[in-house]
There are 2 protein chains.
Amino acid sequence: MKIAEQHKDILERAIKANHERTFYAQYPEHPSPKIYGETADKEGREWFQAMVGKKFEELKQADTAGWVGDEESPYLQEPLNITYPTSSTEEYVDNAKTAFDIWRKVSSADRAALLIESLERMKARFFEIAYATMHTTGQGYMMAFQASGPHAADRALEAVALGYEEQMRFPEETTWDKPMGKYNLTLHKEWRKVPKGIGLVVGCSTFPTWNSVPGMYASLVTGNPVIIKPHPGSVLPMAILVAELQNVLAENDIDPLVVQLAVDSYANLITKDLAENKAIKLIDYTGGTVFGDYLEALPGKIVFTEKTGVNSAIIDSTDAVDKMVGNLAFSVSLYSGQMCTAPQNIFVPADGVDTPDGKVSFDEIAGKFVEQFNGLIDNPKAGPFVLGAIQNPATCDRVEDSKKLPGKVLLESRSIENPMFKNARIATPTLIEVDSSQVDVFANELFGPIAFLIKTKDTAESIALARQMAEQHGAISCAAYCTDNETKEHIADQMALAATPVAFNLLTGIYVNQHAGFSDFHVTGGNPAGNASFTNPEYVIKRFVWVGTREPIA
Amino acid sequence: MKIAEQHKDILERAIKANHERTFYAQYPEHPSPKIYGETADKEGREWFQAMVGKKFEELKQADTAGWVGDEESPYLQEPLNITYPTSSTEEYVDNAKTAFDIWRKVSSADRAALLIESLERMKARFFEIAYATMHTTGQGYMMAFQASGPHAADRALEAVALGYEEQMRFPEETTWDKPMGKYNLTLHKEWRKVPKGIGLVVGCSTFPTWNSVPGMYASLVTGNPVIIKPHPGSVLPMAILVAELQNVLAENDIDPLVVQLAVDSYANLITKDLAENKAIKLIDYTGGTVFGDYLEALPGKIVFTEKTGVNSAIIDSTDAVDKMVGNLAFSVSLYSGQMCTAPQNIFVPADGVDTPDGKVSFDEIAGKFVEQFNGLIDNPKAGPFVLGAIQNPATCDRVEDSKKLPGKVLLESRSIENPMFKNARIATPTLIEVDSSQVDVFANELFGPIAFLIKTKDTAESIALARQMAEQHGAISCAAYCTDNETKEHIADQMALAATPVAFNLLTGIYVNQHAGFSDFHVTGGNPAGNASFTNPEYVIKRFVWVGTREPIA
């Protein structure tokens, strides 16, 4: 194979970007006609609309266990009736075993190039993926395009680059020459990078590609074939990507079953069956903590998880109180709080927040939050598109139940009209005031558009609670507003001990929810929100083993 | 602190050596008077002799739980009556908690320099450590000097260098500048390297420093305080090193309890109590599989293990049959098979071994082994010093029991006289012939001077069994003798899949037992013999977490 040269420039740029951690994007995040073509959006939408009710026939996979598909659109609240070919667990695993001996013998450089080529093919289908994502996750159009398309592709490339770089870390061979006094002892040594085995990637319903491609590409670049088990609620975005990668492999005379899509249905879930199979050595998972803990405890597996967390916002002081509240209200509202990085617990001192104009009282802050939430929700040009739709009806139940929590409901969740989708499943954020003593109320992740305004004794207590929540229940993000350098350092230090990144003083144009590829480590791996991080060295290194040979040179 | 400059040259050389993996040693392995001084050996011996029956008072630790010590010399078969100050588990952990907040704030560069300084101090005590090692492990003098002194120090330095390098991998801060069309979004970003917590290092009785210092120095350089729990049978070698590191810390105004020695007795073992303490986050362990598996399964810990394995030698063909047999006989005899890298299962095809002079039959090979073993054992200038003494009486029982195994005893274990230590506990190797079908006999590690000569159908079966043993029971080394390139590649490939390094065609001057620092990864982490490797990137990366902060630049 001579394809290693094909995307060398992209690979080198990505390796450099991983080191520098300044801004870099290989895939433009704007769905702009200038970049992606005048007709790309329309064609993507039409492709998706034509898929509804059809078989997805692009996969190079058998359908020995029939055609399956349970997706439904949160915007239409109707089944999509798209079906996918399925096989038995044994067939998926047997296919992967066959592919293992082929894929591990493809050079690291060729693997990287093939994977990058699949991302280039993915780029040509960003709009199809965007509509597939909208209508399975409930994300707004812009988020669906960015998160499932360019941002996901950048995260995949990030993993490819780091995985490739790690495989280049030690020489393939060397001469070891040891002076022994009267003579030299000389050995020829070689090192092999041995992939761990078959990888399983378990997707989630809210970010079907963004959360799945890092593990998928990290396993693949290090030589492991991968079985993708998407969430039954959101299959199509990954189906498109898997089909494209299978095409690239087949075109290069490589078994396309190096990557397989293993679709299941709510009535017949197969994740445990796959995960417990002895041949599965690597598992990547995004989802709830109970299932994540079960996977982490499986013996003989290397497991990478992103589970649930309780994210905090610590409000101490600010010189732009309205922009601060607006920023946080937006972060809670974005995709109706269904992001793993969305703030849930907003800590505000009982005696208020320091500003250049003096203290703003707790109640004033509360009032500003209600005002900003309503302003966003009721803006017909913003509200419906920022909120998107609710992926899972259980989230609506959770919002409903939150009314019964022992707190003061400052803002009730309600529904608004989406002008494009009259039947969309919508729940606007609810904001509930509680006291810092009511830890039991705010110590669990209440996934969805639910936030607490928590009255603390002072900032010291806010920090202590934010750290405690992160250490005990996990956290993926922390927003902090503070104009005092010493307090800022204390926040950064205490949250670092809880392995939680802190975004300080975000006001406009950027939100705590956003973790940028090639720069922000997403989930640190150091608290109960997950044991892995997109993409730190540990994330790729654990997927292969260094094994040496040596022999005297005569 | 300004000590980062102090050993910058050593650190840089070690980082380079880790990458190149050619021969490099910071600490000379020969106990030569020219290198270490004319009187060093004598003074080391006398220091050790004077320690017998005394309190070891060099540690900067409290003795609130009394003075404890159970060591006895395998050469004298008498207790050493050396005692060490002890505290309760709670005290050790509380001390480490206090030290944590001090040590994590010392810069990575200063930590590396302080640790290297401790190795330089260790160098001045290599002879004391050598005699302490001889008289607790039973190692011969030369091995005790090399393994516990320079080789251990090199392994520690290797871990310091890789741990330091990993902490330098990403920038401490950067400006992130994203073009947004009409303006640029500019963030100041910082990354912190947050140590995981308190480390526990559980030592073994046979290699008290060599197997303990990699984990100890890896945890320390990445900012974690460490509690060393040596094996009660071999404490003194590590006590010397811990005392020296405590001196270096105190001289630099750092809490010396960043490192603590937690000695226990056979009557009152404390490892479980320490390991299960919630504050212990990192555990390094060398020893038996049952206890290793228990540690690996503890929730909320990062555990690094070296457990037991069944090492194979695959004999296919050779152009130096006597040197080959001599090399393997030496490898089995060295320290009486008490090395984790010693071969146990020697696979020979039933129809013999190809040589330039034609086939050498299985029985001829068997005869040559018996001859070479006896030649070594009965050579008064070599036998006693190569064999050393048996650390644990249970090993002698195991050798005795091996007579009852269903095989043909080709060579019985016996005792020989050590001219310097009339009372030494000695058991020479036993060699037992079995058939490849008797897997149950040779599938367990029989720790000590026990080897099997296994008659296989052919080399293909030898390879399959060696791979199977490694995958199912673990393996740390594999010796192979083969003159055919295709077969060699097959052996390397199959053993790589079982994550076992292969040494080909070793004849003189080097043995499969020896894994060189800065070059050979010791234990790969990829089979049941252990989940960690001295020192691959995973070994250091898992000891700290990358955590970022970001803030808009106005």
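The values are calculated or read from the model by the stated rules, or taken from the named source; none is laboratory data. Source: prediction; values computed, not measured. Positions of Cβ are generated from backbone atoms using ideal geometry, with glycine treated the same way; all protein chains shown enter the neighbour counts. The protein model used for the area step is the full one, side chains on, heavy atoms only, and it has no ligands, DNA or RNA in it. Shrake-Rupley method; radii C 1.70, N 1.55, O 1.52, S 1.80 Å.
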At least 3 residues that are touching a strand residue (DSSP E or B) at 6+ places or on another chain (Cβ under 8 Å) and among the hydrophobic types (A, V, I, L, M, F, W, C) in each: list the helices (runs of 4 or more DSSP H) lying fully within the range B:315-394 that qualify.
B:321-333, B:362-377
Exactly one of these conditions fails for A:Ser219: (1) in contact with an Asp or Glu (Cβ under 6 Å, 6 or more places away or on another chain); (2) open to solvent by less than 10 Å² (accessible area, probe 1.4 Å). Give me its number.
(1)
Please go through the range B:326-364 and pick out each residue that is β-branched (Val, Ile, Thr), open to solvent by less than 10 Å² (accessible area, probe 1.4 Å) and over 26 Å from the mean Cα position of the chain (by Cα).
B:Val348, B:Val353
Single match in A:Val310, A:Val263 (criterion: of a type outside the set (Asp, Glu) and in contact with a Pro (Cβ under 7 Å, 6 or more places away or on another chain))
A:Val263
Taking the range A:525-541 only, how many residues are among the β-branched types (Val, Ile, Thr) and at the interface with chain B (Cβ under 9 Å from one of its Cβ atoms)?
1
Output the residue which, of all residues in the range B:386-410 that are among the small types (Gly, Ala, Ser) and surrounded by fewer than 21 Cβ atoms within 10 Å (Cβ to Cβ), is nearest to B:Asp440 (Cα to Cα).
B:Gly407
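For every residue, the table says whether it meets (1) without any contact (Cβ under 8 Å) to a residue 24 or more places away in the chain; (2) open to solvent by 20 Å² or more (accessible area, probe 1.4 Å); (3) charged (D, E, K, R).
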site: A:Glu412; (1), (2), (3): yes, yes, yes
site: A:Ser415; (1), (2), (3): yes, yes, no
site: A:Ala424; (1), (2), (3): no, no, no
site: A:Pro429; (1), (2), (3): no, no, no
site: A:Val439; (1), (2), (3): no, yes, no
site: A:Phe447; (1), (2), (3): no, yes, no
site: A:Phe452; (1), (2), (3): no, no, no
Enumeration of residues in the range A:433-474 that are closer than 21 Å to A:Met495 by Cβ and among the charged types (D, E, K, R):
A:Glu445, A:Lys455, A:Lys457, A:Asp458, A:Glu461, A:Arg467, A:Glu471
If you go through the range B:147-186, how many residues are at the interface with chain A (Cβ under 10 Å from one of its Cβ atoms), touching a strand residue (DSSP E or B) at 6+ places or on another chain (Cβ under 9 Å) and under 30 Å from A:Leu507 (Cβ atoms)?
12
Does the range A:506-524 hold any residues that are open to solvent by less than 20 Å² (accessible area, probe 1.4 Å) and facing chain B (nearest Cβ under 9 Å), and which are they?
A:Leu506, A:Ile510, A:Ser519, A:Asp520, A:Phe521, A:Thr524
When only residues in the range A:28-51 that are assigned to a loop (DSSP other than H, G, I, E, B) and within 14 Å of another protein chain (Cβ to nearest Cβ) count, which is surrounded by the most Cβ atoms within 10 Å (Cβ to Cβ)?
A:Pro31
Could you please find all residues in the range A:71-96 being touching a Pro at 6+ places or on another chain (Cβ under 8 Å) and open to solvent by 60 Å² or more (accessible area, probe 1.4 Å)?
A:Glu72
Does B:Ala130 satisfy the condition of being away from chain A (no Cβ under 11 Å), buried (at least 21 other Cβ atoms within 10 Å of the Cβ), touching a Leu at 6+ places or on another chain (Cβ under 9 Å) and among the small types (Gly, Ala, Ser)?
no
Residues that are aliphatic (A, V, I, L, M) and either more than 7 Å from chain A (Cβ to nearest Cβ) or surrounded by fewer than 24 Cβ atoms within 10 Å (Cβ to Cβ) (or both), drawn from the range B:492-505:
B:Ala492, B:Met495, B:Leu497, B:Ala498
When the residues of the range A:187-216 are narrowed to those that are open to solvent by less than 30 Å² (accessible area, probe 1.4 Å) and within 30 Å of A:Pro552 (Cα to Cα), which ends up nearest to the other protein chains (Cβ to nearest Cβ)?
A:Val194
Across the range B:542-554, which residue is nearest to the other protein chains (Cβ to nearest Cβ) among those that are surrounded by fewer than 24 Cβ atoms within 10 Å (Cβ to Cβ) and not in a strand (DSSP E or B)?
B:Lys542
Tell me whether the range A:239-262 contains one or more residues that are touching a residue at least 40 places away in the same chain (Cβ under 8 Å), within 17 Å of the chain's Cα centre (by Cα) and closer than 30 Å to A:Glu489 by Cα.
no
Within the set of pairs 6 or more residues apart or between chains, which connect a residue that is under 20 Å from B:Ala147 (Cβ atoms) inside the range B:14-31 to a residue that is hydrophobic (A, V, I, L, M, F, W, C) and open to solvent by 40 Å² or more (accessible area, probe 1.4 Å) with Cβ atoms less than 6 Å apart?
B:Pro28/B:Ile35
I'm trying to understand the selection: among the residues of the range B:133-177, which are in contact (Cβ under 8 Å) with a residue 24 or more places away in the chain, surrounded by fewer than 23 Cβ atoms within 10 Å (Cβ to Cβ) and β-branched (Val, Ile, Thr)?
B:Thr175
Which residue is least open to solvent (accessible area, probe 1.4 Å), if the candidates are limited to the range A:1-27 and must be charged (D, E, K, R) and either within 14 Å of chain B (Cβ to nearest Cβ) or farther than 30 Å from B:Trp546 by Cα (or both)?
A:Arg21
